[in-house]
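> Take this structure first; my questions come after.
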Amino acid sequence: MSPARRIIICGGGAIGTAIAYFLGRRGALPIVIERHEVAGSASGKSGGFLALDWCRGTVLDGLARRSFALHAALAEELGNPWGYRRLTTYGGYAREGDDARGTGGRPWLSAGVTLTGRLGSPQTTALVEPRAYTTGMMRAAEEHGAELRPGAVTSLVRDPTGALAGVALDGGEIVEGDAVVIAMGPWSILAAHWLPLPAVYGYKGHSLVFDTGSAIPAEALFLEYQEASGEVLTPELFARADGTTWVCAISSTGPLPIDPAAVAPDDGAHARLEAMCRTLSPALSTAPIVARQACFRPVTEDGLPLIGAVPGLAGAYVATGHSVWGMLNAPATGEAISELILDGTARHIDLTPFAPERLSPLDPARLRRA
Ligand SMILES: Cc1cc2nc3c(=O)[nH]c(=O)nc-3n(C[C@H](O)[C@H](O)[C@H](O)COP(=O)(O)OP(=O)(O)OC[C@H]3O[C@@H](n4cnc5c(N)ncnc54)[C@H](O)[C@@H]3O)c2cc1C
C-alpha cells in the first residue's frame, strides 16, 4: 500500500479546516499550519449565516447549494457541537430616532422597525456559531488523523529539481509535504511572493455579540438603517442557538496588519453599533454585550473565490477569496479541494469559474511596495 499523502494546509480558518476534514476522511495526512489560532479571524467572528439559494443566477449557485446541504449533513454526522439551526429570515428598515419603545413587526423589535417581507424560511436559511463550527471541524479532522501545527508559513520549499517539497515556517523549520494549499484568508496575498497568485484583499467588518438568552427566537434580520447623519447602514442580526445574538453593520477598508492577532476595531465603530442596537430592539438594549469584534473577509478582484490548482507548480493549490459567503461555502470548498488533490478532479462542483488563472497574478514588486 502506498503511504498516505502529506498535504500542508496554510491557515486554520473555516476553509482550511474543511479541507483538512475532507482530506482526513479520505485517508490523507493533512497538516494545518496556523499562525494565530484556529478560528481566530473572520471564521470565528463572522455571522455564520447560511442560505440555500441566495446565490441563484450567479456562478456561485452550485457551490452554495452543495455547501448548504453539506452543512446539514455535517451537523447531523458530527453531533452538531456548533449550534447549527434553521431560521426564519426577514428584511426591513428603520431610522435612528424612530420610536424605540414598544414592539414592531416581531415581539423583540422596536416599534420603529418596519418589516417588508420574509427573505428566507427554515428550509432555505440556517445559522452556525462560527468559532464552534471552525474549531469543531478541526477537531473532527484530527479524529481522522489531521495534525495542527502552530507557526507562520513564510515561503514554499522546493527540492533540487524545482519540485514542491513543503513549506518553511518563521522559526526556520521546514514542514515536508506532497502538496500545499494556500487558505490564509486575506493573508493569502502574502503567498503572491511565492506563487503566481492574483491579489486577495481584506475588507474589515465590526460586530457585537449580545447575551440575549431566550428573548429572541430562531430568526435573522437584514435591514437598511439610516443614521441621524443620513448615512445608511445595512445591519444583520442573527439569533444563535447558544442564547447569543450577533449584530454587524459597519465595514471599512482599513489596512490589513501582517499579524492576524493585531486586527483592531476602527475608532468609534462599536459605539455606533451599540447606539443602533438600542434603537432597533428593546431586547438588545438591555442585554449584556459579550464580545466586541473586528475581522477581515477575503475578497478578490472579481468578487469570486479562488479555488483550484495554481498554474506552473504541480502540487500547489489555493482556496480563498470567499468574501461574504466563506462560512456557507467552506464545506463544499473543502470537499472540492480534497477531490482535486486526491482524484485529480472535483466531482461535485464545477471549479472552472473559480480557477485562479482567470485573473492576472499579482506582481511581487507591487506587493513589496504595498
Ligand atoms: C463581519 C463579517 C461577517 C460575515 N458573515 C458571514 C456569514 O454570515 N456567512 C458567511 O457565509 N460568511 C460570512 N462572512 C465571511 C466569512 O467569515 C469569510 O469568508 C471566511 O471566514 C473566510 O475564511 P478563511 O478560512 O478563508 O479565512 P480566515 O478566517 O481569515 O482564516 C485564515 C487563517 O490563516 C491564518 N494565517 C494568516 N497568515 C498565516 C501564515 N503566514 N501562516 C499560517 N497561517 C496564517 C490566520 O491566522 C487565519 O486563522 C463574514 C465576514 C465578515 C468579516
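The values are calculated or read from the model by the stated rules, or taken from the named source; none is laboratory data. Worth saying up front: this structure is predicted, and the values here are computed from it rather than measured. Cβ sites come from the backbone with ideal geometry, for glycine too, and all protein chains shown count toward neighbours. With ligands, DNA and RNA removed, areas are computed over all heavy atoms of the protein, side chains included. Shrake-Rupley method; radii C 1.70, N 1.55, O 1.52, S 1.80 Å.
> I need every pair where a residue in the stretch 311-329 that is touching a residue at least 12 places away in the same chain (Cβ under 8 Å) and farther than 18 Å from LEU190 by Cβ has its Cβ under 7 Å from the Cβ of a residue that is in a strand (DSSP E or B) and more than 6 Å from the ligand (Cβ to nearest atom), sequence separation at least 6 or different chains.
Correct list of pairs: ALA314/LEU164; GLY315/LEU164; GLY315/ALA179; GLY315/VAL180; SER323/VAL299; MET327/LEU50; LEU328/LEU50; LEU328/ALA51.
> Out of the strands (runs of 3 or more DSSP E) lying entirely within the stretch 76-145, which hold 1 or more residues that are closer than 21 Å to SER46 by Cα and either of a type in the set (Phe, Trp, Tyr) or modelled with pLDDT under 95 (or both)?
88-95
> Among LEU190, LEU148, which is modelled with pLDDT of 95 or more, within 20 Å of GLY326 (Cβ to Cβ), open to solvent by 10 Å² or more (accessible area, probe 1.4 Å) and out of contact with any strand residue (DSSP E or B) (no Cβ under 8 Å at 6 or more places or on another chain)?
LEU190
> If you check PRO122, PRO150, which single one turns out to be closer than 25 Å to ALA14 by Cα and more than 16 Å from the ligand (Cβ to nearest atom)?
PRO122
> Identify, by number, the condition in (1) closer than 30 Å to GLY112 by Cα; (2) away from the ligand (no atom under 16 Å from the Cβ); (3) open to solvent by 20 Å² or more (accessible area, probe 1.4 Å) that LEU280 doesn't meet.
Unmet for LEU280, out of (1) closer than 30 Å to GLY112 by Cα; (2) away from the ligand (no atom under 16 Å from the Cβ); (3) open to solvent by 20 Å² or more (accessible area, probe 1.4 Å): (3).
> Further question on the same structure: Quick one: how many residues across the stretch 310-325 are part of a loop (DSSP other than H, G, I, E, B), under 17 Å from GLU339 (Cα atoms) and either near the ligand (Cβ under 8 Å from one of its atoms) or open to solvent by 10 Å² or more (accessible area, probe 1.4 Å) (or both)?
Matching residues across the stretch 310-325 total 2.
> On to the next question. Is it the case that the stretch 32-39 has a residue that's open to solvent by less than 10 Å² (accessible area, probe 1.4 Å), in contact with a Gly (Cβ under 7 Å, 6 or more places away or on another chain) and either away from the ligand (no atom under 16 Å from the Cβ) or not in a loop (DSSP other than H, G, I, E, B) (or both)?
yes
> Follow-up. Inside the stretch 340-351, can you point out the residues that are touching a residue at least 60 places away in the same chain (Cβ under 8 Å) and either closer than 13 Å to GLY62 by Cβ or of a type in the set (Asp, Glu) (or both)? Lay out the reasoning, then the answer.
Keep residues of the stretch 340-351 that are touching a residue at least 60 places away in the same chain (Cβ under 8 Å), which gives 341-342, 348-350.
Hits for the stretch 340-351 are HIS348, ILE349, ASP350.
> Counting just the residues of the stretch 232-250 that are in contact with a helix residue (DSSP H, G or I) (Cβ under 9 Å, 6 or more places away or on another chain) and open to solvent by 20 Å² or more (accessible area, probe 1.4 Å), which one comes out nearest to the ligand (Cβ to nearest atom)?
CYS248
> Okay, next question. I'm trying to understand the selection: among the residues of the stretch 40-71, which are assigned to a helix (DSSP H, G or I) and free of Cβ contacts under 8 Å to residues at least 40 places away in the same chain?
ASP61, ARG65, ALA69
> May I ask you to list the residues in the stretch 326-337 that are under 20 Å from ALA42 (Cβ atoms) and open to solvent by 10 Å² or more (accessible area, probe 1.4 Å)?
Correct list: GLY326, MET327.
> Quick check on my filter: what residues within the stretch 1-31 are within 6 Å of the ligand (Cβ to nearest atom), in a helix (DSSP H, G or I) and open to solvent by 10 Å² or more (accessible area, probe 1.4 Å)?
Once the filter is applied, which keeps residues that are within 6 Å of the ligand (Cβ to nearest atom), in a helix (DSSP H, G or I) and open to solvent by 10 Å² or more (accessible area, probe 1.4 Å), the stretch 1-31 yields only ILE15.
> Of the conditions (1) in the same structural domain as GLY47 (by TED's automatic domain parsing); (2) open to solvent by less than 60 Å² (accessible area, probe 1.4 Å), GLY104 clears all except one; give me its number.
(1)
> Here's a follow-up. Considering only the stretch 252-270, state which residues are surrounded by fewer than 16 Cβ atoms within 10 Å (Cβ to Cβ) and not in a helix (DSSP H, G or I).
If we filter the stretch 252-270 for residues that are surrounded by fewer than 16 Cβ atoms within 10 Å (Cβ to Cβ), which is where we start, we get 252-253, 255, 257-259, 261-262, 264, 266-268.
Passing the criteria: SER252, THR253, PRO255, PRO257, ILE258, ASP259, ALA264, ASP266, ASP267, GLY268.
> Need the failing condition index for ASP302 against (1) over 30 Å from GLY104 (Cβ atoms); (2) surrounded by fewer than 21 Cβ atoms within 10 Å (Cβ to Cβ); (3) within 16 Å of the ligand (Cβ to nearest atom); (4) touching a residue at least 60 places away in the same chain (Cβ under 8 Å), just the number.
Only one criterion is unmet by ASP302, namely (4).
> Of (1) at negative phi; (2) assigned to a strand (DSSP E or B); (3) open to solvent by less than 50 Å² (accessible area, probe 1.4 Å), THR154 satisfies all except one. Which?
Result: THR154 passes all but (3).
> Okay, next question. Checking the structure you have, find out if any residue of the stretch 126-144 is more than 22 Å from the chain's Cα centre (by Cα) and either open to solvent by 10 Å² or more (accessible area, probe 1.4 Å) or in the same structural domain as ARG272 (by TED's automatic domain parsing) (or both).
Yes - at least one qualifying residue is present in the stretch 126-144.
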